[in-house]
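Chemist: Provided herewith is a single structure, encoded as structure tokens, for subsequent inquiry.
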Amino acid sequence: MKRTSSSVLAVLALLAAGSGFGFDHLLTVSGRATFVPSGFLPVLLLIIAGAVLWLAWPVRRSKRGGTRIDPFRALRAATLAQASSLLGAILAGFGIGLLVFLVSRPIPAPVGSIVAMVALVIGALVLVGVALVAEQFCTLPKDPDDRQPDAPSS
């Protein structure tokens, strides 16, 4: 399994930022209020970040202590970490797009809306950081028994 690339995260964030800006623009053009994310969303992202770290920690401990861990458990934790980093990048980009739209309007936005979007961006960036660290935790060392498919057997 390949590790999450920073370029993939950046492209996802840029696409999501454009989507967030366009979404708020479409809402405003149609005469509706701009989108404000729930105040619980950043808290939920931090809870997810804690869960990802909690699931990856035993894998890190087994690497350091030399004890054997189920590789499927490590794979599940790494997959969750990778998915969480992608989700965090998308939500951070979307929040940045919403924030840029609110700040660029000629009418000042309410402070509560700006605070909610800044909290969303910070929570999403924390999720990305924690997920990348957890993914690093889940990188298992190669077994001495593993060999390349084209390598001759001894």
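The values are calculated or read from the model by the stated rules, or taken from the named source; none is laboratory data. No experiment lies behind these values; they were computed from the predicted model shown. Ideal geometry is used to build each Cβ from the backbone, glycine not excepted, and the neighbour counts take in all protein chains shown.
Chemist: How many residues does the stretch 50-74 contain that are closer than 25 Å to ALA116 by Cβ and surrounded by fewer than 17 Cβ atoms within 10 Å (Cβ to Cβ)?
Modeler: 2
Chemist: Search the stretch 1-49 for residues being among the hydroxyl-bearing types (Ser, Thr, Tyr) and within 26 Å of PRO110 (Cβ to Cβ), and hand back the single one that is surrounded by the fewest Cβ atoms within 10 Å (Cβ to Cβ).
Modeler: SER30
Chemist: PRO42 is checked against (1) part of a helix (DSSP H, G or I); (2) under 16 Å from LEU132 (Cβ atoms); (3) touching a residue at least 24 places away in the same chain (Cβ under 8 Å) and fails just one. What number does that condition carry?
Modeler: Exception for PRO42: condition (2).
Chemist: Please determine whether any residue of the stretch 123-143 is more than 22 Å from the chain's Cα centre (by Cα), modelled with pLDDT of 85 or more, part of a helix (DSSP H, G or I) and of a type in the set (A, V, I, L, M, F, W, C).
Modeler: no
Chemist: Are any of the residues in the stretch 48-59 touching a residue at least 12 places away in the same chain (Cβ under 8 Å), among the β-branched types (Val, Ile, Thr), touching a helix residue (DSSP H, G or I) at 6+ places or on another chain (Cβ under 7 Å) and not in a helix (DSSP H, G or I)?
Modeler: Scanning the stretch 48-59, I find no residue that is touching a residue at least 12 places away in the same chain (Cβ under 8 Å), among the β-branched types (Val, Ile, Thr), touching a helix residue (DSSP H, G or I) at 6+ places or on another chain (Cβ under 7 Å) and not in a helix (DSSP H, G or I), so the answer is no.
Chemist: Return a yes/no flag: does the stretch 108-119 have any residue that is more than 19 Å from GLY39 (Cα to Cα) and free of Cβ contacts under 8 Å to residues at least 12 places away in the same chain.
Modeler: yes
Chemist: What are the residues in the stretch 60-73 that are touching a Lys or Arg at 6+ places or on another chain (Cβ under 9 Å) and part of a helix (DSSP H, G or I), if any?
Modeler: SER62
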